[in-house]
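The values are calculated or read from the model by the stated rules, or taken from the named source; none is laboratory data. Just so it is clear, the structure is predicted and the values come from calculations on it, not from any experiment. In this analysis, Cβ positions are derived from the backbone assuming ideal geometry, glycine residues included, and neighbour counts consider all displayed protein chains.
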C-alpha cells in the first residue's frame with residue numbers, strides 16, 4: 001500500500017507538482033499524484049476518505065475550500081485562498097504559500113522589492129496572493145483586471161492602487177509586471193506599458209509572455225513561482241525543509257510518451273486506490289461514462305495537445 005501526497009485541480013494532468021516534489025520522495029512507499037475532484041466539497045472528502053497526507057491546491061478550488069477546511073492559517077485567511085492542505089489525523093488544515101512564490105521568484109531575479117513599482121494583472125486567488133506578498137515586502141503595487149470591481153476590491157483590501165482595464169491613462173514605468181491572467185488574456189493597454197521584467201504565474205504559453213518576448217524584456221517563468229512556493233509548501237504538508245535548488249532538479253524533465261495511468265475512482269473501487277501510483281485520479285462517483293471519457297480527453301488534450 002502506498003502513502004499519497006497530491007495536487008488537486010480541474011484540469012490537473014498538466015500540473016508539474018509531481019516532478020517538483022519528486023526529489024523529496026525517498027521512501028518507495030510514498031508517492032505523489034494528481035487528483036481531479038468533482039467539487040471543493042468532494043476534494044475535502046477525498047482527503048479524508050483516501051487518507052491523503054497533504055497536497056497542493058490549484059484552480060478552481062483555492063478560494064472555495066477556505067470555508068471547508070477545519071483550520072486556516074493567517075496568511076490564507078488574509079489572502080482569501082488556500083494553495084496547500086495537510087491532513088493532521090483527520091483535521092484538515094489549509095495554508096497559502098503562493099505569496100512566497102511571487103516574492104521569492106522576483107528576489108531570485110535580482111529585484112529589490114522595497115519601493116519597487118509592480119503591476120499585478122488579474123484579481124483571482126493567485127493575484128490576491130501576489131498583492132499580499134508584494135505589499136508586505138514594501139512594494140508599490142497597482143492592480144488591473146478585466147472585471148474592475150474585483151481589482152478595486154483587491155486594491156482596497158491590501159492598500160494597492162487601481163488601474164482601469166479600459167482607458168488606464170498615463171502609466172509610470174514599472175519595475176515588474178506580475179501576470180495572473182488566463183493564457184489567452186492580455187490587457188488592451190499592453191503596448192503602452194513600460195516595464196523591466198515579467199513574472200507569469202502560469203507555465204503554459206501565454207499572450208502576455210509572447211508579447212514580452214517580442215519586446216526583448218526579461219521573463220521569469222511560472223516554474224520559478226512554483227518552485228519558491230513549493231519550498232514553503234513542502235515544509236507545511238510534507239514536514240520537509242528544502243530549498244529551490246533541490247525542487248528544481250526534475251522540474252523540467254520531459255515526460256516520456258507513455259499513456260498516462262489514469263485511475264477512475266468510484267465507490268466500488270475505492271479500496272484499490274492505494275495499491276499503486278497513478279498519474280491522474282478522476283473522482284467519478286455519479287458521473288456517466290460519456291462524462292468520464294470527456295474529462296479524460298480534456299485532461300490529455302490540455303496536458304499533451306491534440
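A single member of 159, 124 is assigned by TED's automatic domain parsing to the domain that holds residue 191 and on the phi > 0 side of the Ramachandran plot, and it is 159. Conditions first: (1) at negative phi; (2) surrounded by fewer than 18 Cβ atoms within 10 Å (Cβ to Cβ); (3) out of contact with any helix residue (DSSP H, G or I) (no Cβ under 7 Å at 6 or more places or on another chain). Residue 43 passes all but one, so which condition is the exception? With (1) at negative phi; (2) surrounded by fewer than 18 Cβ atoms within 10 Å (Cβ to Cβ); (3) out of contact with any helix residue (DSSP H, G or I) (no Cβ under 7 Å at 6 or more places or on another chain) applied to residue 43, the lone miss is (2).
For the stretch 51-58, the criterion of being modelled with pLDDT under 95, within 17 Å of the chain's Cα centre (by Cα) and assigned by TED's automatic domain parsing to the domain that holds residue 273 is met by at least one residue. Restricting attention to the stretch 247-262 and to residues that are at pLDDT 90 or above and under 20 Å from residue 301 (Cα atoms), the residue that is surrounded by the most Cβ atoms within 10 Å (Cβ to Cβ) turns out to be 262. Among the residues of the stretch 198-207, at least one is touching a residue at least 12 places away in the same chain (Cβ under 8 Å), over 20 Å from residue 58 (Cα atoms) and surrounded by 21 or more Cβ atoms within 10 Å (Cβ to Cβ).
Put simply, of 115, 90 the only residue that is closer than 21 Å to residue 55 by Cα and surrounded by fewer than 22 Cβ atoms within 10 Å (Cβ to Cβ) is 90.
Look at (1) closer than 22 Å to residue 77 by Cα; (2) in contact with a helix residue (DSSP H, G or I) (Cβ under 6 Å, 6 or more places away or on another chain) and you find that residue 190 fails only one, number (1). All of 10, 64 fail the test of being in contact (Cβ under 8 Å) with a residue 40 or more places away in the chain and in a loop (DSSP other than H, G, I, E, B), apart from 10.
Given the options 267, 294, 285, name the one that is touching a residue at least 12 places away in the same chain (Cβ under 8 Å), surrounded by fewer than 15 Cβ atoms within 10 Å (Cβ to Cβ), closer than 20 Å to residue 11 by Cα and outside the structural domain of residue 134 (by TED's automatic domain parsing). One residue alone meets the criteria, 285. Per the conditions (1) surrounded by 24 or more Cβ atoms within 10 Å (Cβ to Cβ); (2) under 21 Å from residue 17 (Cα atoms); (3) out of contact with any helix residue (DSSP H, G or I) (no Cβ under 8 Å at 6 or more places or on another chain); (4) not assigned by TED's automatic domain parsing to the domain that holds residue 236, the sole criterion not satisfied by residue 76 is (4). In the set 233, 207, only one residue is under 25 Å from residue 127 (Cβ atoms) and assigned by TED's automatic domain parsing to the domain that holds residue 185; that residue is 207.
Residue 226 passes every criterion in (1) out of contact with any strand residue (DSSP E or B) (no Cβ under 8 Å at 6 or more places or on another chain); (2) more than 25 Å from residue 115 (Cβ to Cβ); (3) surrounded by fewer than 20 Cβ atoms within 10 Å (Cβ to Cβ) apart from (3).
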